[in-house]
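Novice: First the structure, which I've put down as structure tokens, then a few questions once you've had a look.
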2 protein chains.
Amino acid sequence: MADIISGKTIRDQILEELRPEVERLTNAGTQPCLAVILVGSDPASQVYVGSKRRTSEQLGMRSLSHDLPATTTQEELEALIRQLNDDPTVHGILCQLPLPDELNEVRVIQTLSPDKDVDGLHPINAGLIAMGTPKFISCTPYGVLQLLKRSGVQTSGSHAVVLGRSNLFGRPMATLLSSKGWDATVTTCHSRTRDLPSVTSQADILIAAIGRPEFVTAEMVKPGAVVIDVGINRIEDASAPKGSRLVGDVAYGPVSEIASAITPVPGGVGPMTIAMLMVNTVNSARWQQGLPSLEL
Amino acid sequence: MADIISGKTIRDQILEELRPEVERLTNAGTQPCLAVILVGSDPASQVYVGSKRRTSEQLGMRSLSHDLPATTTQEELEALIRQLNDDPTVHGILCQLPLPDELNEVRVIQTLSPDKDVDGLHPINAGLIAMGTPKFISCTPYGVLQLLKRSGVQTSGSHAVVLGRSNLFGRPMATLLSSKGWDATVTTCHSRTRDLPSVTSQADILIAAIGRPEFVTAEMVKPGAVVIDVGINRIEDASAPKGSRLVGDVAYGPVSEIASAITPVPGGVGPMTIAMLMVNTVNSARWQQGLPSLEL
């Protein structure tokens, strides 16, 4: 049976490592500050935003909440972002996505100062990853790197297969894993890949992010592989209390019998994103002080 | 024997397609203009710069030459770039690299307006490629895409292996080939890849950019593969008139016996870069007029 890579445990480790650094920065006059903008009242977004605000406060950071009505105009939202860009006491700005349909997400993202873009959404931050000099790494791929590192998975020389090519995850994940220091040989697969099982079954590290419930079956996995499941899908299940349950992109039961290590869903990659958001905010405060990034 | 993919022929096709578009833009009041900056007197750089200027003039474009002494300061160079950024009659700015050691290349590149960065060096342009919405694509990977397309190579569903992970070539090449529309399954290999021949011999399309003369041997290539050689290396050869000759990263003779198509060195990828620089400059002029990119 595979070892279970617990995102909750590793998230908690990282948060505990951040706590004294937040205190040190605060005592030195720079309390890390994360501004979180929520437009409208989408229930899922409210849950996510609440958890980000709570975690930053629990760490001793300053949390700025901007809850705007769904009727907010593009100009009003951009004006708020520019005001936060210009405020030297704010180190990270997060604008919870998705935005209401009337607002232009691409323009909002490009309004964010790349120096406060703790979600790593601005094209300049995607470009710095592509150029091998990352600043803010988007939280999900950054979290996967930490899961691998802190589980003792050797990436250098290994063959990693990334299923999915999204802007937010697959692209930066593939680039980061093949970059210097991580040094994996990386294959990117997607919906147009021919004979997918023949590719995935070569993976020493298989990372699934295609948004299809339990798509990766045991036949697609090399015995002994490390399997990282980035998917979160709700499927019907009459036997579950709510009539449905969450599953990943990997058929957890059968795959966990042949993998050497696997992340569960929930409790794997998911919890890591919030930890990496906190890391990015603390690093932003450090950079403002002329300090290097934290060693994680 | 493999078909030879001639970069010279395809370059000439593209330049001929650009000529009437340059004339049309000029008649409409927007003569495309490329400003080329050369700092110092490196002989190789002088050759490259001369050829870029000549080609743009031959196409009917306006060519601005800025030849600066090797003693130019960072401030002077950045001031010139800002002046060209602000000049609406200039559509493309190219600062020939490498710069003299005293100058900071990264800062120079970030001074370039991303809207005139026809070499595709600015991180925001690398980011737009990573995000699936490219604006300026750097000339070498862009040239390879055109070589593949105009040679009738089917990328969708094929397995492409890119040898090399440089900012300027391997990274954007892998990302572009796996992006929507091109749809290849892409593996990125590099110096840390284990058992390289077992990976390269799976490639339907093998792209070599590792800077090692004749590194890719026939044993590493699947029979019938398409082989693109991005390397340019000068090796000693007592039998050659100059005592040396240019070779690529691929052992051309033996590999051309089993590949279905191959680019020669010289005369393959090299000639394409200048054509794509001209395409980028013409597109920049088109965008200024609110027109979409050329269909190539």
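Novice: Tell me, please, whether a residue that is among the acidic types (Asp, Glu), out of contact with any strand residue (DSSP E or B) (no Cβ under 8 Å at 6 or more places or on another chain), more than 23 Å from residue A:146 (Cβ to Cβ) and in the same structural domain as residue A:173 (by TED's automatic domain parsing) can be found in segment A:227-237.
Specialist: The answer is no, given that none of the residues of segment A:227-237 is among the acidic types (Asp, Glu), out of contact with any strand residue (DSSP E or B) (no Cβ under 8 Å at 6 or more places or on another chain), more than 23 Å from residue A:146 (Cβ to Cβ) and in the same structural domain as residue A:173 (by TED's automatic domain parsing).
Novice: Kindly indicate whether residue B:17 is open to solvent by 70 Å² or more (accessible area, probe 1.4 Å), touching a residue at least 60 places away in the same chain (Cβ under 8 Å) and in a helix (DSSP H, G or I).
Specialist: For residue B:17, the condition - open to solvent by 70 Å² or more (accessible area, probe 1.4 Å), touching a residue at least 60 places away in the same chain (Cβ under 8 Å) and in a helix (DSSP H, G or I) - is met.
Novice: Let me ask something else about it. Quick check on my filter: what residues within segment A:20-35 are hydroxyl-bearing (Ser, Thr, Tyr) and part of a helix (DSSP H, G or I)?
Specialist: Matches in segment A:20-35: A:26 only.
Novice: Okay, next question. How about segment B:202-217: which of its residues are within 23 Å of residue B:234 (Cβ to Cβ) and not hydrophobic (A, V, I, L, M, F, W, C)?
Specialist: Scanning segment B:202-217 gives B:211, B:212, B:213, B:214, B:217.
Novice: Out of A:204, A:195, I need the residue that is among the acidic types (Asp, Glu), within 19 Å of residue B:165 (Cβ to Cβ) and surrounded by fewer than 24 Cβ atoms within 10 Å (Cβ to Cβ). Which one?
Specialist: Details: A:195 fails: within 19 Å of residue B:165 (Cβ to Cβ).
From the options A:204, A:195, the qualifying one is A:204.
Novice: Scan segment A:186-238 residue by residue and report those that are of a type in the set (Asp, Glu) and within 14 Å of chain B (Cβ to nearest Cβ).
Specialist: A:195, A:204
Novice: Now for a separate question. Within segment B:145-165, can you find the residues that are within 9 Å of chain A (Cβ to nearest Cβ), more than 13 Å from residue B:226 (Cα to Cα) and not charged (D, E, K, R)?
Specialist: B:156, B:157
Novice: Can you tell me which of A:241, A:266, A:254, A:271 is part of a loop (DSSP other than H, G, I, E, B), away from every other protein chain (no Cβ under 14 Å) and in contact (Cβ under 8 Å) with a residue 12 or more places away in the chain? Let's see the steps before the verdict.
Specialist: Numbers: A:241 fails: in contact (Cβ under 8 Å) with a residue 12 or more places away in the chain; A:254 fails: part of a loop (DSSP other than H, G, I, E, B); A:271 fails: part of a loop (DSSP other than H, G, I, E, B).
On inspection, the qualifying residue turns out to be A:266.
Residues are listed down the side, and each one gets a yes or a no for (1) farther than 20 Å from residue B:136 by Cα; (2) assigned to a helix (DSSP H, G or I):
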position: B:37; (1), (2): no, no
position: B:47; (1), (2): yes, yes
position: B:52; (1), (2): no, yes
position: B:63; (1), (2): no, no
position: B:67; (1), (2): yes, no
position: B:70; (1), (2): yes, no
position: B:75; (1), (2): yes, yes
position: B:85; (1), (2): no, yes
position: B:88; (1), (2): no, no
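Novice: How many residues are within 13 Å of chain A (Cβ to nearest Cβ), among the polar types (S, T, N, Q) and over 17 Å from the mean Cα position of the chain (by Cα) if we restrict to segment B:100-134?
Specialist: Residues in segment B:100-134 being within 13 Å of chain A (Cβ to nearest Cβ), among the polar types (S, T, N, Q) and over 17 Å from the mean Cα position of the chain (by Cα): 2 in total.
Novice: Kindly indicate whether any position in segment A:98-108 is closer than 23 Å to residue A:170 by Cα, surrounded by fewer than 20 Cβ atoms within 10 Å (Cβ to Cβ) and without any contact (Cβ under 8 Å) to a residue 12 or more places away in the chain.
Specialist: For segment A:98-108, residues closer than 23 Å to residue A:170 by Cα, surrounded by fewer than 20 Cβ atoms within 10 Å (Cβ to Cβ) and without any contact (Cβ under 8 Å) to a residue 12 or more places away in the chain: present.
Novice: While we're here: Go through segment B:236-289 residue by residue and tally those that are polar (S, T, N, Q), farther than 30 Å from residue B:224 by Cα and crowded, with 19+ Cβ neighbours inside 10 Å.
Specialist: Counting residues in segment B:236-289 that are polar (S, T, N, Q), farther than 30 Å from residue B:224 by Cα and crowded, with 19+ Cβ neighbours inside 10 Å gives 4.
Novice: Considering only segment B:44-61, state which residues are polar (S, T, N, Q) and under 10 Å from residue B:96 (Cβ atoms).
Specialist: B:45, B:46
Novice: Would you please name the residue that is nearest to residue A:259 (Cα to Cα), looking only at residues in segment A:1-14 that are open to solvent by 20 Å² or more (accessible area, probe 1.4 Å) and not in a loop (DSSP other than H, G, I, E, B)? Steps first, answer last, please.
Specialist: Taking segment A:1-14 and keeping what is open to solvent by 20 Å² or more (accessible area, probe 1.4 Å), we get A:1, A:3-4, A:6, A:8-9, A:11-13.
With not in a loop (DSSP other than H, G, I, E, B) added as a condition, the list becomes A:3-4, A:8-9, A:11-13.
On the way: A:3: 8, A:4: 10, A:8: 20, A:9: 20, A:11: 22, A:12: 25, A:13: 24 Å.
Filtering segment A:1-14 for residues that are open to solvent by 20 Å² or more (accessible area, probe 1.4 Å) and not in a loop (DSSP other than H, G, I, E, B), the one nearest to residue A:259 (Cα to Cα) comes out as A:3.
Novice: A follow-up question, please. Could you say whether any residue in segment B:137-144 is free of Cβ contacts under 8 Å to residues at least 12 places away in the same chain and surrounded by 14 or more Cβ atoms within 10 Å (Cβ to Cβ)? Walk me through how you get there before you give the answer.
Specialist: If we filter segment B:137-144 for residues that are free of Cβ contacts under 8 Å to residues at least 12 places away in the same chain, which is where we start, we get none.
No, that holds for no residue.
Novice: Of all residues being buried (at least 24 other Cβ atoms within 10 Å of the Cβ) and either in contact with a helix residue (DSSP H, G or I) (Cβ under 7 Å, 6 or more places away or on another chain) or among the polar types (S, T, N, Q) (or both) in segment A:164-175, which is nearest to residue A:193 (Cα to Cα)? Just the residue, please.
Specialist: It comes out as A:165.
Novice: Answer yes if at least one residue in segment B:178-185 is more than 9 Å from chain A (Cβ to nearest Cβ) and open to solvent by 10 Å² or more (accessible area, probe 1.4 Å), and no otherwise.
Specialist: Taking every residue of segment B:178-185 in turn, at least one turns out to be more than 9 Å from chain A (Cβ to nearest Cβ) and open to solvent by 10 Å² or more (accessible area, probe 1.4 Å).
Novice: Scan segment B:50-73 and report the pairs whose first residue is over 15 Å from residue B:93 (Cα atoms) and among the hydrophobic types (A, V, I, L, M, F, W, C) and whose second residue is surrounded by fewer than 12 Cβ atoms within 10 Å (Cβ to Cβ) and modelled with pLDDT of 95 or more, with Cβ atoms within less than 6 Å and a gap of 6+ or a chain change.
Specialist: The qualifying pairs do not exist here.
Novice: Turning to a different aspect of this structure: Given the condition open to solvent by 30 Å² or more (accessible area, probe 1.4 Å), part of a helix (DSSP H, G or I), touching a residue at least 24 places away in the same chain (Cβ under 8 Å) and not assigned by TED's automatic domain parsing to the domain that holds residue B:189, answer yes or no: does some residue in segment B:110-133 qualify?
Specialist: No: zero hits.
Novice: Hey, another quick one. Of the numbered conditions (1) hydrophobic (A, V, I, L, M, F, W, C); (2) in contact with a helix residue (DSSP H, G or I) (Cβ under 6 Å, 6 or more places away or on another chain); (3) more than 10 Å from chain B (Cβ to nearest Cβ), residue A:137 fails exactly one; give the number of that condition.
Specialist: (2)
Novice: If you go through segment A:59-72 one residue at a time, do you hit one that is under 21 Å from the mean Cα position of the chain (by Cα) and open to solvent by less than 20 Å² (accessible area, probe 1.4 Å)?
Specialist: yes
The values are calculated or read from the model by the stated rules, or taken from the named source; none is laboratory data. Since the structure is predicted, the reported quantities are computational estimates derived from the model, not experimental observations. Using ideal geometry, Cβ is built from the backbone for each residue, glycine included, and neighbour counts are taken over all protein chains shown. For accessibility, only protein heavy atoms count, side chains too; no ligands or nucleic acids. Shrake-Rupley method; radii C 1.70, N 1.55, O 1.52, S 1.80 Å.
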